Structures are given as structure tokens and as C-alpha cells.
Amino acid sequence: MISSILAQVTITQADLDKLGKVEWGALWPAWLAGGGVLIVLLADLVLPKTQRWLLSWVSFVLLALAAASSFWMDMPRTGSNATVFQNMIAADEMSRFLAIIVLGVAALIVLASPDYLSRIGIEATGEYYALVMAAATGMWLLTVAAHFMVFFVALELFSLALYILCGFLPRSIRSHESGFKYFLLSSFASAFLLYGIALIFGATGSTEYGKIQAYLADNNIAGNNGILVLFGVAMITVGFAFKISAVPFHMWTPDVYEGAPTPITALMAIGTKAAIVAAFLRVYPGVFGPISDQWKPILFVLAIVTMIGGNLLAVSQFNIKRLLSYSAVAHAGYLMIGLVADNTLSRSGLLFYLLGYTVMTLAAFAVVMAVEGPQGEGLQISDYAGLHKRHPWLAGIMTIALLSLAGIPPTVGFFGKAFIFGAAIQSGGWNIALALVGIVTSVIAAYYYFRIIIQMYTAQPASEPATARIGRPAASLGFVLAVAVIGTLGLGILANFALDWANQAAAVIGQITTNRGS
Amino acid sequence: MPEAIGLVVLLPLLGFLAIALFGPRMSQRGAAYLASGAVGLAFLAAVVTALTPLISSSNWGSYGLYKYDWTLSGSWKVTFGLAADPLSVIMALVVTGVGFLIHVYSIGYMTELGEDGKRHYEKDYRRFFAYLNLFVFAMLLLITADNFIWLLVGWGNVGLSSFLLIGFYKNKPSAVAAARKAFVMNTIGDVGLLLGMFVVIANTGSASFSQALNSPNLGGGEWREWAAMLLLIAAVAKSAQFPLQTWLPDAMEGPTPVSALIHAATMVTAGVYLIVRCHPLFGESTVATIVVPIIGAFTAFYAATCALVQTDLKRVLAYSTMSQLGYMFMAAGVGAYEAAMFHLVAHAFFKALLFLSAGSIIHSLGGEQDMRNMGGLRKNPATRTAWIGFTIGALALSGIPPFAGFFSKEAILGSFPLFGQVTHHYNPIGLEPMYLSVIGWVGLLTAFMTAFYMFRAYMLVFEGPETRLHPHSNPGSMNFVLVVLSFFSVVGGFLAMPGLWNLLHNWFQPLLKTFHRGDEELWFPIQTERLEVVELALGVGAGVAGIVLAVGLYSLTRQRSADNLQPTLTSHTEEQVRAEEASSHSRQGAPIFTPRALDEAEIRRVIAGRDLSPTRPEASGDQPRLRPVLKKRLNPVKLGRQGLTGFLLYGWGFDLLYNLLFAWPGNLTAKFIARFVEPETEKAVDYGLGGAAWEGSKASRKTETGLARNYALGILFGTVALLIYVAVQTVQR
């Protein structure tokens, strides 16, 4: 009986060929980072307490290997082979570019964490590293997703890890608040996103990027189907806008960023943003490329509102993490300019900006980590008064990071802004307004960034600051600081190397229909 | 190995960064050794580069080493690259060679003899060496750049480091004022360079020398003239030529090694370098071939007259530098680039030697710079090396054979036919031979005056009654540097022996071919075919006559005491200023005398022949060394002489003129703006834009309630807005 059934379902070689080869090698980062989650959890059980410090190194090495593996894995592909796993995963140059950003940042944040955690007094380090690696895996998967199911699973994978990480500080009520708020609001937004995916599926009959794009390109979206598609796009945009924290979907950002442990804040501000921008790049100019007239006005308005709102709100902040979180909101607005402008320069400029945003934000948050005290002191801007006397190097790095965030040459921030605003002007029409708003709000941004610099160099601390006794950062954190600041300056001075790579990576945007026939 | 040129540029930069970043962790001496070592190694690298033609001739004269494309604006690329060609390498040899010697010299110079008889490091000893390295790096960048952009980077940075080093004694108001003045003057030149560069790039589409300068797109038209004139502004400002010359004498407020390195041997020659580097541009521009030699001749003459009456030893040398740079401009203007470069190299040696000898004397006299307070130093064992060095330098500068200055100066004067004859390499688009001969005679007269003022200085410092100051001996490293430079000042001239050989010509051969019209080379080689005996005799004769006159005047007549009655313009040392400030503090409200703040009233007083020298604090302390004030008695001859002296002393009153023409209207405008325009604008910006941002921020902050339900409401609000948009879209279709 059973054997007869088995005989009927015998899988022939032809069936296997129909399925296509399973390209395990294209997922090296996921094997390393995702497998690392298990390794670290197991090691946490096995290792005695005195040896737990090994965990951070294990996870750092695994994440660094995961980032490096993008160079040897079975990637990138071009043409009709650009997607693997039955067209679920995109294996192109952009995947590699983003793997370096997302996994590299996760690795550096893991490296920076022990100093911070030991200062805060957290002992449950095994879970911490495991969750960071899970989040990194999710972020990387989001950047390579070529299928809405992979997309959603990846999104939820890193979101779940981040909910826990945000509330990770055991004795801090703000941390718990942060985790809980993030969880509530993110779930709320995810519901919209999922609903949008369902609507799109309903209209087009697929959740695969390439097929949806092909459908939209071939069929005139009119009638009921068109309504479904448009509502689907709107709902998906809600989910995206929430994750990238565009105004008015941004309100969770400062509260969550402020309460979360600082390395996690950095991971959210950089990794999440990079991953979601990657998804943006694959979904909007790619999947929804044929109907770009429909979504561009939405993103246009979102970009303007986000730039103005984020920068204005940052002006009156007194907590550095809140300030940086509003700055992250404002940068989301700048990044969206690149999506709306949507030409060759804007795509590569956007990737370049992402790279620059990564290093300069990492530098700023690494300094915040180094200055923060055990009970969360040292987070007010006034605590930075006279920092250059206590920690001249930290003050110098912070200055470079802030100058870069404000867009002052020769830092990478200037060139990123130059490329993106230039692309907006190049695309012409109303998009020039984007560049204008971007420039005006950059001036506002200079005000609040320079406020910190002025505090560090000219202000006298009113009394002995709470963080005066914080010693020099550990060597591992110092390494992170060095990488970030060298990146901030080096990518600015040698901008063309990174831009060339970004150009290569950006070449694949909007071209995922190449494997339509398979 | 032309690639070694990269090391030449890199090493001083590393030295600078190391001292700037880790200075406080180094010992004083360690920083000095590090700085000197960096430049010394750079010199070795430059030597390796210079040996290229011996090793392989294929790469010689190559542009674009270490090429790096910098894409910034669409498809237009700035290609950075270093040039290892004869011009840049010979400049690199001079900059690193003289630079290294001056670094070594500074190790000793920047120490003070303390009360306890031991040497103490001057304040900010490490900062000084960091700046010196920064300067050397910037200068090397300037001369090795193979494109205008990088040239500009170096150009601006030498201006910056010059500013920092002139104002090194930051507590001395006159030094700070001088630094500011130099910076402002140089900025005018920077603007000229920038605009000239733009003209070249706009017309040729390239910033690289090899492409832009030889590009036919520049044409023979108006744009070429514009480019040449704008670049000339830059060259004139950097090389302190008329009309932007006034900053150089004041720049002597910096420490003496700085004066020797920057304001004699290297930075001020950048203008000459620029003209020689851009010779395809200058040599075929009609206006430039006329204007440049005239500017050079005028400045040479002008500066020599000013040097005649200076009483400050360093100011004599400063005017002398200006005058010699004028010679180089003369030569470069008519196409005698070899002669200009030859004089540049030789001048770097003997002027550095003169400055460093003067510095030795000043150092051993505890900061005294007024020559009239010196005297009789020849016999003093403490200043013997300085005496030898100064004498050799003065002879070289006066063009006495066989010292280096003789050959190089004759090479320049040989390019100017004294009797209006047409020379072989005569550039027909330039001046008529007649006018060239006038310039030649001016050069000859200047040579005479040069010899005179140098030996006037010599007589005042080394001969005559012995000074009341007590010279102390200097460290051996300083004397060693003087010996080395003396050696080069003697043998440096043998690079090109008129009539016998011309090593320089072979050296510059690869560049030569870039510049010719038809078959004819427009690059003047130094005349090697025959000796112009008459001109040679006149040249040497002018020098000898000047020396004889000076020696005679100061040993046989009462000129020395007459000099003592002369109005003075002498710099104070930092200690003197401090002492003065302390003493003036007790006299409430008494104005502090700042010798370089040339206000109008002061210049009028000097021209009217009154004494400016205030009660000077005593260095020796035993006797007051007050200058006797002139009696008020109408004596037209004396008054005229005093007037002339004051006129020359203040450099023909150009400071006054520029103050009237530019500073005064500028001040008025600034005051007007500060009084009427600025407060309103500031209010408008502050309360308008700034207020709007702040109020907007406060208002929008109200959305941050901290309540998750309100945040969810925000999301909902956004979603509803999106849905309304989509609904409208759908209805519309």
C-alpha cells in the first residue's frame, strides 16, 4: 500500500530539473549568521560563566565571516540567473553591496557591545548576541528578498529579535517601554503591510517580485484589478514608511531609540534602515516600476514631510539619542529623494548615501556608547560639555561624524547629499523642489548638529558631569570608532571607489523581470 | 625611480600628522628629530628620483604618477597625479635639501639661553616643527602636482603654513599683524590662481598641465592673455613682486629659520616656478612677455633701493630676496627659464645661508635685530662661523666670482642685451630689444645697489666698534648647517659655466621640447656658445663697485654715526614686547608701540624725520641706548635726506597708499554694514528663520506624547491620507 503510493510519488531526475538546482551556496551569509544563532545559544549553555566573554568574539567572527562570505558565495549573478531558490532570493551585485553594509554593521556592533554591556551590568549575554545575529540574518534576507513571502518573513525575523533587544535592559523601565511600544506599533504597521501584500496577490496572482512586475507591465491596471493594486501599494507603503520611520509614521522612533540599549539603537538606525531601503529599491523602482506614476507622488510628499518634520523636531531635543533618532528620521527623508528622483545617478547615489549614512551614524552612536554611563547618564547634550578636554579623541570623532551628518565636505555625508540632490535636480520638474527642501532642511540640521560640537569644545560643564569618571573606551570599541571615522573621511575623500561599486550594484535595480520566463 | 616622488611628498605629511596628533606624548627633542628625519628621508627620496635619468631614461619627464581619478561633476574628471619631471625634481631637491638643513638649524635656534646658562626649549617647540613639516609637505605638493587642482591645494596650504609660522609668536602683536597681512596679500594671489585655472580648464577641458597647457584650444587669443594675467597675479602675490610686495618685509616677524626657509628659499619662489611651469602659456602670451619682465625689473630696482636704508638686519635680507626674485621674474618673463631656475637654486643656497648667518647672530645676541646695535662681531669667536657664512653669502649675492651668485646672475643679465642687439633666442612677441636693454641696465644698477647694501650690512654688523651686547656661542648643529650651505654657495654656480658646460641645459632638455615655435626653441638656454666679455665685466664691475663704495663709506666717513640718527623700523623680540607691555601697564593708557601697524600718522612722522624708536628696554642694562632725537632746526638738505630715508624705509609708502585705497574704504564699508545693515539682517535671520525653526520644533514636539495610542493614531492618520489619495486617483480614472 505504502510502497505503491511511494512508487507513485517517486521523484525523477526530470522533476528535480524542473525544480531547478538548489543554490545553497548563494545563502552563505544566512548559514553563517543564522547558524551562528544556534551556535551561540548552545555555547551559552555549555560555557562556564567565566568564559562567556568568548561569545561576543564567536558572534563577531561569524558575522564578519558572513559579511566576507558575500565575496565567495555563489553570487552575484546576472541576466536570467539573477535569482535563486525558485526566484525567491536575488543574487546580484546589490545583494553583495548590502551584505557588506548590513552584516558589517552588525559585526561592528557586536564588537562594540561587550564594553557597553559590562558597563550597564547585563549578564545574559548569550541571548543578546544570538538575537543580534538573528536580527542581522533577517536584515540580510530582507535585502535579498525577491518574493513577498521571503520579504515578510525576513521583516518579522529581525523585528521579533529587535522587540526583545529593545527591552533587554532588565532594570530600565524605559527599555521595557521601548520594546513594548515597538512591538505594538510595529505589529500594527505589519498588519497593513500584510494586507497590502494580500491585495497585490489578489490583483496579480503572485507574490513573486518578477511575476508581479511582469503582470503590471503587461496589463493595464484599470478597473477593479487596478483598484486592488493601488490599495495594495498604499498599504505596503504604510508598512515601509513605518519601518523607515517617515513622517507621520515616525512617532515610535524617538521613544524606541531612546529606551533601547545604545548598540541596539545603532543597529536599528543603521541595519534596519539599510535593509528597508534595499527592499524599497527592489520593490518600488522594480516591482512597482511599471506603475511608478502612482507611487511617486506618495513618496514625494512623504519625503518632503519627513525632511521638514524630522529636522524640525530634532531642533528642540536635549537627549542625544532622541536627537540622533530624529536625525535618522530626517535622513530617511533624504534617502526617499533618491527613490523619487529615480534615475541612474539617484540609484547609485542612494546606495552610496546608504554606505555613508552607515559609517557616519555608526561613528556617532559609538561615541554615545563610549560616553554613556552605567545608569544611562551622559545622554543629555549638556553632558557633552567640555568633552574635548576629557576625551579629545571621542570629541574629535563625534565632530567628524556630526559634520558628515550635516553634510560638510570632505566627509562622506557631503558627497552623499551632493549625489542625491544632484539626481533630484537632474530628473527635473517638481523633483527640484525635493532638492530645495533638502538643502533648506540641511541648514536647519546644521544648527542642531553644531550645537553638540559647540557643547563639546566651548561649553564648560556646569558641574562635575556624571560621566566624567568614565574611562577610555575598550580596545574593541576603539576599533569600531576607528573603522567608522576612517570610513567617514575615507569614503568622502575617495568617493569614486565607493561610487563605482554603488553604480555596479545599482545597475540591477528595476531589472528583476529578466527571469520572467523561467 | 620616478615613483620615489610619492615618498617625497608623503614623508613630511606623516611627520606633520605624527607631531600634530601625538605631539604631547613626544619629548621636545624627539619631535624635532622626527620632523628633521622626515624631511631628511624625503631628501633622500628626492635624490633617488633625481637619479632616474641615470637609471632609465624612459620614464623621465613623466606626468601622472600615482594617478587617481576623482569624479565629481558628471563626466568631467579631475585626475590627480604627481609629476616627476626635471622641474619638479630640481625644486623638490631644493625644498627638501634646504628644508632639511633648516630643520636641523631650528633644533638649535628654537632654544633660549636661560638664566642658569642652560638651553631651554622655546614655548611651543613641537608646534613649530609640526608647522615646518606641514609647510614642507604643502610646498612639495605644490611643485610635484601635475595638474592645476593639486597645485592649488599646495598653493593654499603653503599660504596657510606661512601664516601660521609668521604668526608663530602669537603673543607678539606685530607678528600677528604681519601674519594677517601676508595671508591677505596671498589670498589675492590665490583668487588669481583660481580664476586663471578656471579660464584654462574652461577652454581646454582639462586641469592637467600636460594636456591643458599644450592644448591648441587655448589658442592665441584673448583667453590666453586672461589666463596668463590671472596666473601672474598669483605668481606676483606669492613671490612678493610689485604691486603685491608689501607683505614680505613684515613677514620677517617670524622666527629666522622660517624667514630662511619660506620667505627666502622656497615659498616665495613658487611664483617663478608657476611661470616656468606654465611657460607654454606665458611664453606665447603677448601681454605676459611684456608685463612680466617689467614687473621683475621694477621690483628688483624698487626692493634694492628700500634695502639701502633698512636698519633691521632681517629686513635688509627680505628686501634683498624681493629684489632677487625680481631678477628671476625678469628672466622668466623673456623666456630665459633656465637662467631663472638657475638663479632660483643658487639663490636658495646663498640666501638661506645669509638668513641663517643673520639668525645665528641674532640668536647669539639674544634677539637683537638692529644692525646699529651690532658691530665688531668679526673678532668675536662666538660668531666666527656666522661671519664666514655671511661673508660668503654676501659675496655670492653681490655676484663676485667664483661664488654661485656670479654665475646665476650673469646668466640672467646675459639674457638682456645691454646694447639693443637682437639675440639668438629673442622672443619676437615680447618687448623690443631696445626696451630689453633698458631692463638690462636696470638690472645692472640693481646689482650695484645689491653689493652696496649687502656690504653696508656687513660693515655695520661685523666691522667697526664692538657691540655692547655680549654674544654667546651657538650650538654646533647651527654652525654645521652654515658650513654646508657655505659650501653649496661656493660650488652651486658650477652647474652652468658660461662657455664651458651647461649641466642645467641637459637637465631641462626633456621640458625644452614642449616649447617651440616652428623649429625655433623659445626656451632660452643659458648662453654657452661665447662669453659676452663686456657684459661680464660690467656685471662684476657693478658688484665690485658697490662693495668698494660701501666699505669705503663705512670705514672712511662718518656714515656710521649718520646711520644712528636715522629713523628706525626695527622689530622687537617677544621678550621686549612683553617687557614693554609690563612697563606700559604702569603708565596708564600709554599706547603700546607696534612697529608694523603702519598707521598713517606714524608714517607721516617718519617721513617728517622724527624718531620713532621708543624707549627700548635694555638688553645689556648698563647703559641706556637711546637714539638721540633730532634737533628741530630747519635744514633743507637734512630734511630732504631724512624724507628720502623715510620714504625708502617704508618701501616707498606703498602701505600708506594701499591703506588709503583699500583698507580705509573697506573699513568704512565694514563700519557702515556693522552699524546699519548687519543688526537688522541678524535680527531677521535670528528671529525670523531661526525663530521659525525653533517655534516649529516646539509646536511639532507636542505630537510626542509618549502614548502608544497616539502614535498608532498617527499611523492611522497617514494611512487614511494615503487611502484618500488612492481613492481620488481611482475615481479620477
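The values are calculated or read from the model by the stated rules, or taken from the named source; none is laboratory data. Quick caveat, the model's predicted, so the values are computed rather than measured. Here the Cβ positions follow ideal geometry from the backbone for every residue, glycine too, while neighbour counts run over all protein chains shown. The accessibility values were calculated without ligands, DNA or RNA, using every heavy atom of the protein model including side chains. Shrake-Rupley method; radii C 1.70, N 1.55, O 1.52, S 1.80 Å.
From the list B:A138, B:A212, B:A207, which residue is at pLDDT 85 or above and surrounded by 20 or more Cβ atoms within 10 Å (Cβ to Cβ)?
B:A138
Specify which of the listed residues (A:V305, A:V229, A:V301) is surrounded by 24 or more Cβ atoms within 10 Å (Cβ to Cβ) and among the aliphatic types (A, V, I, L, M).
Matching residue, one of A:V305, A:V229, A:V301: A:V229.
Please determine, by comparing only the residues of the range B:304-352 that are open to solvent by 10 Å² or more (accessible area, probe 1.4 Å) and over 18 Å from the mean Cα position of the chain (by Cα), which one is farthest from B:I388 (Cα to Cα).
B:V334
Every residue in the range B:11-43 that is surrounded by 17 or more Cβ atoms within 10 Å (Cβ to Cβ) and free of Cβ contacts under 8 Å to residues at least 12 places away in the same chain, please.
Across the range B:11-43, there are no qualifying residues.
Sort through B:G399, B:G464, B:G476, B:G440 and tell me the only one that's touching a helix residue (DSSP H, G or I) at 6+ places or on another chain (Cβ under 7 Å), at negative phi and at pLDDT below 90.
Step by step, each of B:G399, B:G464, B:G476, B:G440 is checked, and only B:G440 is touching a helix residue (DSSP H, G or I) at 6+ places or on another chain (Cβ under 7 Å), at negative phi and at pLDDT below 90.
Condition first: within 20 Å of B:L308 (Cα to Cα) and either open to solvent by 10 Å² or more (accessible area, probe 1.4 Å) or in contact with a strand residue (DSSP E or B) (Cβ under 9 Å, 6 or more places away or on another chain) (or both). Now tell me which residues in the range B:353-373 satisfy that.
B:Q369, B:D370, B:M371, B:R372, B:N373
How about the range B:666-733: which helices (runs of 4 or more DSSP H) wholly inside it have at least 3 residues that are facing chain A (nearest Cβ under 7 Å) and of a type in the set (S, T, N, Q)?
The qualifying helices (runs of 4 or more DSSP H) are B:708-732.
Looking at B:F349, B:F342, which is the one that is touching a strand residue (DSSP E or B) at 6+ places or on another chain (Cβ under 8 Å) and in a helix (DSSP H, G or I)?
B:F342
Of everything in the range A:155-193, what is small (G, A, S) and touching a Ser or Thr at 6+ places or on another chain (Cβ under 8 Å)? Give them in sequence order.
Listed by number, the residues that qualify are A:S159, A:G167, A:S186, A:S190.
Is it true that B:K123 is of a type in the set (K, R) and over 18 Å from the mean Cα position of the chain (by Cα)?
yes
Working only within the range A:369-380, note down all residues that are open to solvent by 10 Å² or more (accessible area, probe 1.4 Å) and of a type outside the set (D, E).
Residues satisfying the conditions are A:P374, A:Q375, A:G376, A:L379, A:Q380.
Which of the residues spanning the range B:191-214 are within 21 Å of the chain's Cα centre (by Cα) and of a type in the set (V, I, T)?
Hit for the range B:191-214 is B:V191, nothing else.
For the range A:172-214, name all the residues that are surrounded by fewer than 19 Cβ atoms within 10 Å (Cβ to Cβ), within 13 Å of another protein chain (Cβ to nearest Cβ) and either at positive phi or among the small types (G, A, S) (or both).
Selection gives A:S187, A:S190, A:A191.
In the range A:154-171, what residues are hydrophobic (A, V, I, L, M, F, W, C) and either within 22 Å of A:P261 (Cβ to Cβ) or within 12 Å of chain B (Cβ to nearest Cβ) (or both)?
Scanning the range A:154-171 gives A:L155, A:L157, A:F158, A:L160, A:A161, A:L162, A:I164, A:L165, A:C166, A:F168, A:L169.
Can you name the residue in the range B:215-232 that is open to solvent by 20 Å² or more (accessible area, probe 1.4 Å) and under 25 Å from the mean Cα position of the chain (by Cα) and, of all such residues, is modelled with the lowest pLDDT?
Ranking the qualifying residues of the range B:215-232, first place goes to B:W226.
Quick one: would you say B:T311 is in contact (Cβ under 8 Å) with a residue 12 or more places away in the chain, touching an Asp or Glu at 6+ places or on another chain (Cβ under 8 Å) and of a type outside the set (A, V, I, L, M, F, W, C)?
yes
Considering only the range A:232-269, how many residues are over 23 Å from A:S118 (Cα atoms), in a helix (DSSP H, G or I) and among the hydrophobic types (A, V, I, L, M, F, W, C)?
Within the range A:232-269, residues that are over 23 Å from A:S118 (Cα atoms), in a helix (DSSP H, G or I) and among the hydrophobic types (A, V, I, L, M, F, W, C) number 9.
Being at pLDDT 90 or above and within 11 Å of another protein chain (Cβ to nearest Cβ) is true for just one of A:G223, A:G232. Which residue is that?
A:G232
Scan A:Y326, A:Y357, A:Y334 and give me the residue that is in contact with a Gly (Cβ under 8 Å, 6 or more places away or on another chain) and within 18 Å of A:I452 (Cα to Cα).
A:Y326
Would you confirm, using the coordinates I've provided, whether A:D293 is more than 17 Å from A:V150 (Cα to Cα) and either away from chain B (no Cβ under 11 Å) or in contact with a helix residue (DSSP H, G or I) (Cβ under 9 Å, 6 or more places away or on another chain) (or both)?
So A:D293 does not fit the description; no.
A:F450: farther than 26 Å from A:N319 by Cα and at pLDDT 90 or above, yes or no?
no
Only residues that are small (G, A, S) and in contact with a Gly (Cβ under 9 Å, 6 or more places away or on another chain): list them for the range B:678-733, please.
Scanning the range B:678-733 gives a single hit, B:S700.
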